[in-house]
Structure formats: C-alpha cells, structure tokens
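The values are calculated or read from the model by the stated rules, or taken from the named source; none is laboratory data. Here the structure is a predicted model, which means the values were calculated and not measured. Cβ placement follows ideal geometry from the backbone for every residue including glycine, while neighbour counts extend to all protein chains displayed. Protein only, heavy atoms only, side chains kept; ligands, DNA and RNA dropped before computing areas. Shrake-Rupley method; radii C 1.70, N 1.55, O 1.52, S 1.80 Å.
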Number of protein chains: 4
Amino acid sequence: MRWKGIRFICNPMAAHDGSALPAAPFALDLTVRFAETDAMGVVHHSAYVIWMEAARVAWMEAAGLPYAEIAAGGHHFSVTGLQGEYRAPARFGEVVRVQVTVSQLRSRQISFAYVVTNAATGQLLMTGSTEHICVDLTGKMVRIPEAVVARFRGRKHTGLP
Amino acid sequence: MRWKGIRFICNPMAAHDGSALPAAPFALDLTVRFAETDAMGVVHHSAYVIWMEAARVAWMEAAGLPYAEIAAGGHHFSVTGLQGEYRAPARFGEVVRVQVTVSQLRSRQISFAYVVTNAATGQLLMTGSTEHICVDLTGKMVRIPEAVVARFRGRKHTGLP
Amino acid sequence: MRWKGIRFICNPMAAHDGSALPAAPFALDLTVRFAETDAMGVVHHSAYVIWMEAARVAWMEAAGLPYAEIAAGGHHFSVTGLQGEYRAPARFGEVVRVQVTVSQLRSRQISFAYVVTNAATGQLLMTGSTEHICVDLTGKMVRIPEAVVARFRGRKHTGLP
Amino acid sequence: MRWKGIRFICNPMAAHDGSALPAAPFALDLTVRFAETDAMGVVHHSAYVIWMEAARVAWMEAAGLPYAEIAAGGHHFSVTGLQGEYRAPARFGEVVRVQVTVSQLRSRQISFAYVVTNAATGQLLMTGSTEHICVDLTGKMVRIPEAVVARFRGRKHTGLP
C-alpha cells in the first residue's frame with residue numbers, strides 16, 4: 001500500500017480481528033502563527049514537529065481516545081524516532097493541512113506518517129514520520145493498553161472520516 | 001533604590017534578620033538562537049519571556065538553591081504576573097545579557113526584575129519583571145520553604161557577585 | 001467602559017468620524033498543544049504570549065485586514081509592551097478562548113487587551129495586554145497606514161460579530 | 001569511518017585539495033530550560049531540533065564563518081531533511097552536550113550528524129542528523145559560496161579542537 005510516496009507497513013495486528021487501520025488519512029488544518037516563522041521569512045523547521053504532534057493528538061481524539069485520557073490513565077507515547085523531508089516552505093498567513101495516518105501498530109510501539117500541504121493550493125510542503133513507545137508514569141516501556149489498541153485498530157471503532 | 005529606571009520595592013523580610021537581597025544584579029549571557037527569530041528578521045518577543053526564566057533559574061543556582069532541587073522538594077514558583085517593555089530588537093548572532101535581581105520577597109511570593117542588553121555594545125533591549133507564588137505539587141499556594149527564603153534573603157549565603 | 005475588569009481607554013480617533021472601536025470582543029479558540037505544557041504539568045506561561053499574538057492576528061483578519069497583507073505592504077506592528085496576569089493554569093487537552101479587543105488606537109500606536117478563559121467552563125485563566133508601534137521594513141516608527149486605521153476604527157468596516 | 005554508530009559519508013570534495021573535514025566532533029553544552037520540558041516531566045522532543053541548530057551554528061562560528069555573516073552575505077542553509085533517534089530523556093536542570101560534525105559536503109548541500117549526551121554522566125540521549133541546501137535570498141538553490149566551502153573543508157582553517 002502506498003500513499004503519496006510513503007510506504008505503509010502492513011498492520012501486524014490486523015489479522016487478530018479482521019479489521020484494519022484507518023484507510024483514509026485524517027487531517028488537521030492549522031493557521032501558521034507568526035511566532036513559528038524565522039528570519040528567513042518562512043516557517044522554522046521545528047514548527048512542523050509541533051504540528052505533527054498536534055495532528056496525531058487530533059487523530060487520537062477523532063479515534064475516540066483523547067490523549068489527555070490516555071495520559072490521565074498513566075500512559076504516554078514517548079517519541080523514539082523522528083524523520084522529516086522538507087519540500088517547500090510554509091509562510092505566515094497560510095493554512096497548512098497535516099494529514100496523519102498510523103503506519104505501524106505493535107504491542108508496545110506505534111508509528112505515524114504525515115503529509116503537510118498548503119490547504120489552499122495543495123502544494124506539498126513536508127512529509128514526516130514519528131515512532132513511539134508506550135511508557136508508564138515511571139518512563140518504563142509497557143504494552144499499549146488493550147482498550148487503546150482496540151480503538152486504534154478497528155476501523156469501525158475509530159469514528160474517522 | 002533605583003536601578004536603570006526600575007524602582008525596587010523594599011524587602012519586607014529584610015528587617016527580620018538585618019540581611020538584604022543581593023544588591024548587585026546577576027547576569028546570564030545567552031547566544032540568540034536562529035529559532036528565536038521571526039519573519040521581521042529580529043527576535044520574537046516571546047523569546048525574552050524564556051530568557052527571563054533562564055536568568056532567574058541561573059540566579060537561583062548561583063544563590064545555592066537550584067530550581068531543580070526546589071522542584072524535587074515539591075515546590076514550584078508559579079508565574080502570576082509578567083511585564084515587559086521592548087526598547088530595541090535583538091538579532092540572530094548576538095549575545096544578550098539578562099540581568100536579574102529579586103525586587104520583592106514575601107512569605108508566599110517573590111518578584112524578579114530584569115534588564116536585557118546587548119552584551120557586546122551594552123545597548124538596552126528590554127526591561128521586564130515577573131511575579132511568582134510558591135505552590136505545592138497540587139498547585140496550592142503555600143509558604144516559601146524557610147530554607148529557600150534564607151538562601152534568597154541573606155547576601156552572605158547567595159554567593160552572588 | 002469596562003469589560004471583565006479591564007478599563008479601556010477611549011479611542012482618541014473616534015471623534016474624527018463618529019465611529020467607534022468594535023464594542024464586542026472577538027474570540028479565537030485554540031486547542032492546547034502538548035508542546036505548550038511544562039514539567040509542572042500545566043501550560044507554560046510563554047504560550048499565552050503566542051496565543052495573544054494568534055488572537056490579534058485573527059482579529060485583524062476578521063477586521064478585513066490580514067496581517068500578512070499589512071506585512072506584505074511593508075508595515076509591521078512591533079511589540080513594545082507586554083503584560084499578563086495569570087489566574088489559573090490551562091492544561092493539555094483543553095480548549096482555551098482568547099478574547100481580544102483594541103484598547104487604544106493612535107496614529108503610530110495600537111494596544112490590545114486579552115482575556116483567556118477555558119472555553120468549556122468559562123473559567124478565567126489569564127488577562128493580558130500588548131502595545132505596538134507601526135514600523136516600516138527598516139524598523140523605523142511610522143504612521144499606521146490610513147487604510148489600516150480606517151478598517152480598525154470603523155465598526156461597520158470591521159466585519160466583527 | 002564510524003563514530004558512535006553513525007557512518008560518515010566520505011567527503012566528495014576532499015580529493016580537490018587533499019584536505020579533509022574536521023575529524024573530531026565539535027560540542028556545544030546547553031543548560032536545559034524549564035520551558036523546554038513538557039507535562040511528561042522531561043524535555044519535549046522538539047527541543048532537540050533547536051539544540052541541533054544551535055550546535056551547528058556554533059560549529060560554523062568555530063570554523064570561522066559565523067552563520068550570521070553567511071546570512072548577511074545573502075545565503076542560507078535551508079533544512080531539507082531531519083532525523084532523530086531518542087534514547088533517554090533529558091531533564092530540567094541538566095546540562096546536555098551536543099556533538100556535531102559535518103557528515104557530507106557537496107557543492108549545493110551539506111549534512112550534519114549529532115550526538116546528544118548528558119554532559120555530567122555521558123549518558124547517550126539522542127542521535128540525529130540534518131540535511132541542508134544552500135539557497136539565496138529568494139529561496140533558490142545555489143552553490144555554497146567557495147569561501148564557505150573552503151572554510152568548512154580545510155581542517156587547518158577550521159580552528160576546531
């Protein structure tokens with residue numbers, strides 16, 4: 001399966017119940033903040049890292065499991081990997097669209113892939129990915145709670161568009 | 001007592017033991033980060049808020065009470081007030097000097113005053129102040145621990161220049 | 001005129017054409033980003049500075065004069081003053097509402113006042129204000145362009161709710 | 001050549017004059033700012049992106065070509081790629097050491113590799129890399145100025161330890 005040039009790894013948990021990860025990417029639109037620009041006159045590359053986080057948090061919310069609830073339950077998804085390819089600069093005053101999808105889901109790990117475009121023109125700005133492990137409040141790696149996995153895994157449970 | 005145009009409130013605890021707050025301002029030098037600039041080509045005004053925090057943390061360290069230790073002891077200085085006057089822009093590649101001094105110390109509150117200059121030229125860039133209350137881990141306002149007050153209050157304990 | 005405890009200075013330009021500044025505050029809702037929290041478990045105080053900026057940019061957009069256009073025209077509103085009073089912490093997962101209104105408009109200066117609340121509960125989180133001067137591309141203080149003043153000044157031109 | 005598990009690509013320009021890239025990594029020590037932490041109680045992953053930038057800017061300064069001068073000369077190194085692997089969390093109050101070295105230098109591109117450790121304990125916190133293209137003030141990709149290449153290329157010109 002390929003989507004905009006990003007190869008998605010098959011969901012290793014999909015066979016468990018016949019369901020699949022959300023097929024359609026979920027998108028979050030964000031207005032570029034002036035504080036996110038730098039002296040080159042464009043958005044600083046670190047802002048996309050924050051945007052990807054905001055998009056996966058919104059994805060979780062849309063999937064019926066707000067990250068704040070997961071955190072309140074004593075679990076966090078700690079970032080272990082980060083990649084980005086920057087294609088064109090975003091500028092102040094633009095609306096950027098951050099598409100996000102789960103690219104891999106394992107018992108203790110979850111990976112997301114992102115495509116950032118200019119919402120008005122569709123121009124590709126950036127592609128990225130992040131890898132996460134599930135940790136408890138002490139920072140120790142643990143299994144992702146089954147209720148969370150079930151939400152993430154089943155398309156019919158996700159409530160995604 | 002006036003220092004660079006900022007009036008300092010007398011220390012209401014000074015009478016208790018005859019000691020006084022550090023008379024000389026403490027300074028932290030910081031190199032402007034490219035990420036701190038914005039599309040106007042100068043440093044974004046929010047960066048100074050971060051710099052003031054870094055300077056008061058360094059002040060506490062120099063006073064012999066690292067903030068990390070205070071935090072580890074279950075206390076935080078929550079920001080309740082913030083003021084800044086911006087006089088001239090800082091730019092990428094410059095070193096800024098953040099002078100900090102305690103302007104007020106009470107049983108549950110502490111205030112700091114700041115003067116930010118260009119370290120090379122001495123040009124005045126910004127003056128600011130912050131007010132803080134002492135809170136415990138639940139966020140409830142509490143008295144500043146006596147050991148902390150003693151460090152902050154006594155000049156001979158602070159180790160400041 | 002008072003609004004939530006903030007006194008607004010009368011608009012000195014109002015007499016020119018009998019119009020007035022927008023009477024009703026304009027509001028921008030923002031979802032708290034995880035990156036905006038700190039190790040105290042709540043939103044860092046510098047995030048509100050970014051939020052106030054986002055709100056006044058949105059205000060300008062709603063007033064029919066996007067800041068990006070003003071910037072493209074060679075003008076910027078440089079921040080000269082900043083004040084904030086923090087009443088209660090915002091937390092990750094909450095939606096904050098940033099109300100903004102113009103508190104003063106002069107030929108070369110503009111001031112904004114802000115009230116930040118929890119959008120769901122209405123709890124007051126922070127009040128703030130900023131002062132700005134109009135500068136050209138070289139950073140020199142100049143008069144606010146008449147077209148901009150006209151938009152800001154006249155209620156019937158602002159398109160505000 | 002391998003350094004802490006990162007393979008360095010041979011310098012394709014080295015043959016031109018027999019010189020080589022700096023063999024020893026350059027390091028910048030940074031004190032963790034409270035604003036860089038998040039509600040998990042550790043440093044947010046986006047802070048490392050800022051730290052890597054600060055380290056490569058310091059590297060350029062040490063190499064005798066301050067980035068501010070390069071920028072003043074009309075050139076920028078725009079980020080085209082970003083990778084990071086997070087091994088252990090950094091915490092408020094710690095000093096982190098960001099080692100940086102040039103991993104590749106081409107006529108229009110430059111890549112850096114980073115290793116972030118706890119300066120006191122030597123614990124590995126993160127490894128990362130960034131890729132950059134040289135652009136002019138209009139954002140168009142151009143050749144890296146020869147004077148800059150010469151500085152970066154020649155060990156005896158770099159002034160690095």
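Taken over the stretch D:64-93, the residue count meeting the criterion of being under 20 Å from A:VAL43 (Cα atoms) and not small (Gly, Ala, Ser) is 9.
Could you say which residue among A:VAL79, A:VAL100, A:VAL57 is touching a Phe, Trp or Tyr at 6+ places or on another chain (Cβ under 6 Å), farther than 30 Å from C:HIS76 by Cβ and free of Cβ contacts under 8 Å to residues at least 12 places away in the same chain? Sole residue among the options that is touching a Phe, Trp or Tyr at 6+ places or on another chain (Cβ under 6 Å), farther than 30 Å from C:HIS76 by Cβ and free of Cβ contacts under 8 Å to residues at least 12 places away in the same chain: A:VAL57.
Looking across the stretch A:28-52 at every residue that is surrounded by fewer than 24 Cβ atoms within 10 Å (Cβ to Cβ) and more than 28 Å from D:ALA71 (Cα to Cα), the one that is farthest from the other protein chains (Cβ to nearest Cβ) is identified as A:ASP29. Any residue that is modelled with pLDDT of 90 or more and within 30 Å of A:ALA54 (Cβ to Cβ) - is there at least one of those in the stretch D:60-76? Scanning the stretch D:60-76 turns up at least one residue that is modelled with pLDDT of 90 or more and within 30 Å of A:ALA54 (Cβ to Cβ).
Return yes when B:SER107 is under 17 Å from the mean Cα position of the chain (by Cα) and either over 18 Å from D:ARG33 (Cα atoms) or among the small types (Gly, Ala, Ser) (or both) and no when it is not. When the stated conditions are applied, B:SER107 does not pass them. If the condition is being closer than 18 Å to B:ALA27 by Cα, out of contact with any Leu (no Cβ under 8 Å at 6 or more places or on another chain) and more than 9 Å from every other protein chain (Cβ to nearest Cβ), then the stretch B:60-95 contributes B:MET60, B:GLY64, B:LEU65.
Scanning the stretch C:125-152 for residues that are farther than 28 Å from C:HIS45 by Cβ and open to solvent by 30 Å² or more (accessible area, probe 1.4 Å) yields C:ASP136, C:LEU137, C:THR138, C:LYS140, C:MET141, C:ARG143, C:PRO145, C:GLU146, C:ALA147, C:ALA150, C:ARG151. Of the residues making up the stretch D:54-69, those that are open to solvent by 10 Å² or more (accessible area, probe 1.4 Å), part of a helix (DSSP H, G or I) and in contact with a helix residue (DSSP H, G or I) (Cβ under 6 Å, 6 or more places away or on another chain) are D:VAL57, D:TYR67. Scanning the stretch C:60-75 for residues that are touching a residue at least 60 places away in the same chain (Cβ under 8 Å) and over 14 Å from the mean Cα position of the chain (by Cα) yields C:GLY64, C:ILE70, C:GLY73, C:GLY74, C:HIS75. The set of residues in the stretch A:105-124 that are of a type outside the set (A, V, I, L, M), touching a residue at least 40 places away in the same chain (Cβ under 8 Å) and crowded, with 19+ Cβ neighbours inside 10 Å comprises A:PHE112, A:TYR114.
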